[in-house]
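Notes for the one structure printed next.
Read the figures in this text as sums done on the coordinates, not as results from a lab. What you see is a predicted model; the values in this text were computed from it and never measured. Positions of Cβ are backbone-derived with ideal geometry, glycine not excepted, and every protein chain shown enters the neighbour counts.
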Amino acid sequence: MVTAADQETDNGPYASPTTWREWTRFVDTEPPCLPGPGPWNAEERLDYHSQFVILSTPAMAKISLTLRRLMILNRRHNGTARRGLLISGPPTTGKTTTLQQLGRSFHLADRARHNSFDERLPVAFLSVPPAATPKMLVSELARFLDLPIGKAMNQARITDIVCGALRDLSTQLVLVDDVHLLNTRTRIGAETSDQMKHLSERLPATFVYAGVAIEASPLLTGSRGAQLAGRFKMVRNPPLAYGSPAQRTAWEGLVRGMDQALRLQAHRPDTLTRHAPYLHQRTGGRIGSLSALVREAAIAAILDGSEKITKQLLDDIDLDELAEQAARPPAQA
């Protein structure tokens, strides 16, 4: 049974950043940490493990370095064909988390450089709506900026207002999530893709798109896809492999970081690290599935009073269906 204590009534700091206020709150939210030096009660530790830490992966470091180079490349570019970045990968590999952490790092760096909190909005964040039209897309940006857009305004007028506002706010990085929802084989999808291209040409900003399996999606097909592919560099964000010594070291380092972040009273250091091969087999190397498994195991250990994570406890936790299918042995004839 779910009790009232299990539900957070004011989840403002954890809301999806779909407006500039939510984005700023996300940027200003400190990494998860326990209050004070301890000891911490069960409710404080449950809240801590519900958010938990975000650890850097090799793909995240590569994407960050690539984006930094592209932004310098675009810094004095006066033409329309600015360079952009595509982040592609399967579900639950951390694409959205990577996108948001890139934006957060750049926003904080820009704030420190200009010592400004209110006059600038260096980053804009947008999720492509399902069945998006060109007007819906630019209206989402207007909603992010909290601009007064009337229902009678047409697409061109909204675009002018949005571009003017982003220029005034010195926005340099535009993050667009879920671009795989754009089906450029349809007329509406193609026109929405054109709208995104139009925005990138009018704004002196670097655009980063993230989505599921972009290389296999309609987004890069046809003449429109060729234009996008000619301007955007793709960085793939696959599940972490566990074959070579370097790959095993990277995975075990990630697991060790989560192990060290646990706050369980009976936890023994490196318990999770010893189970690194098993955790890779359970999650298929997907960072989202790994985080969900470790967090739920920690919460279960606090709730049942054991205060430690065992392999049996990990076995008892059901993961997302994608991870369960990947870990399931093939059916025999």
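Consider the candidate values (i) 60, 54, 39; (ii) 67, 47, 32; (iii) 53, 48, 38; state which one is Cα extents along the principal axes in Å computed from the structure displayed. Of the listed options (i) 60, 54, 39; (ii) 67, 47, 32; (iii) 53, 48, 38, (i) comes from this structure. Counting only aspartates and glutamates at least 8 places from Lys233 when in the same chain, those with an alpha carbon closer than 20 Å to its own are Asp177, Asp178, Asp194, Glu201, Glu215.
Derived scalar couplings between HN and Hα for segment 43-53 equal 5, 5, 6, 4, 5, 4, 6, 6, 9, 6, 8 Hz in order, rounded to whole Hz, by the Karplus curve 6.51 cos²θ - 1.76 cosθ + 1.60 (θ = phi - 60°), x for Gly and Pro.
Annotation: the residues Cys163, Cys33, sorted from fewest to most other C-beta atoms within 10 Å of their own C-beta, follow the order Cys33, Cys163.
Summed over qualifying helices (DSSP H, 4 residues or more, each -39500 (n - 2.57)) and divided by its residue number, the chain shows a 222 nm mean residue ellipticity of -15500 deg cm²/dmol.
Counting pairs of alpha carbon atoms under 8 Å apart in space and at least six apart in sequence, what relative contact order in percent does the chain give?
On the way: 448 pairs, mean separation 67.4, N = 333.
Reported relative contact order: 20 percent.
Listed by chain and number, the lysines whose C-alpha is less than 25 Å from the C-alpha of Lys135, apart from same-chain residues fewer than 8 away, are Lys151, Lys197. Helix 95-114 and the long axis of the chain differ in direction by around 70°, with both axes built from C-alpha atoms. Normalising by residue count, segment 240-318 has a Cα convex hull of 76 Å³ per residue. Sorting 204-211, 70-77 by their mean Cβ neighbour count within 10 Å, with the most densely packed peptide first, gives 204-211, 70-77.
Computed about the Cα centre, the dipole magnitude for segment 58-236 is approximately 560 debye when only Lys and Arg (+1) and Asp and Glu (-1) carry charge, each at its Cβ. Considering only Asn115, Gln312, Thr29, the residue lying farthest towards the positive end of the dipole of the chain is Asn115, judged by Cα position with unit charges set on Cβ. Positive-end ranking of Ile299, Gly288, Leu254 along the dipole of segment 240-318, with charges on Cβ about the Cα centre, is headed by Leu254.
Of interest is the spacing of the C-alpha centroids, which for segment 239-269 and segment 180-209 amounts to 39 Å.
Can you give the translational diffusion coefficient of segment 58-236 in µm²/s, computed by Stokes-Einstein from the Kirkwood radius over Cα pairs at 25 °C and 0.890 mPa s? Estimated via Stokes-Einstein, D reaches 148 µm²/s. Extension gain, Arg236 to Arg256: 0.36 nm times the residue separation minus the Cα-Cα distance gives 4.8 nm. Residues Ser217, Ser193, Ser105 in ascending order of nearby Cβ atoms (within 10 Å, fewest first): Ser105, Ser217, Ser193. Taking other residues whose beta carbon is less than 15 angstrom from the beta carbon of Asp259, and scoring Lys, Arg as +1 and Asp, Glu as -1, yields +4. Ordering His180, His107 from the fewest to the most neighbouring beta carbons within 10 Å gives His180, His107.
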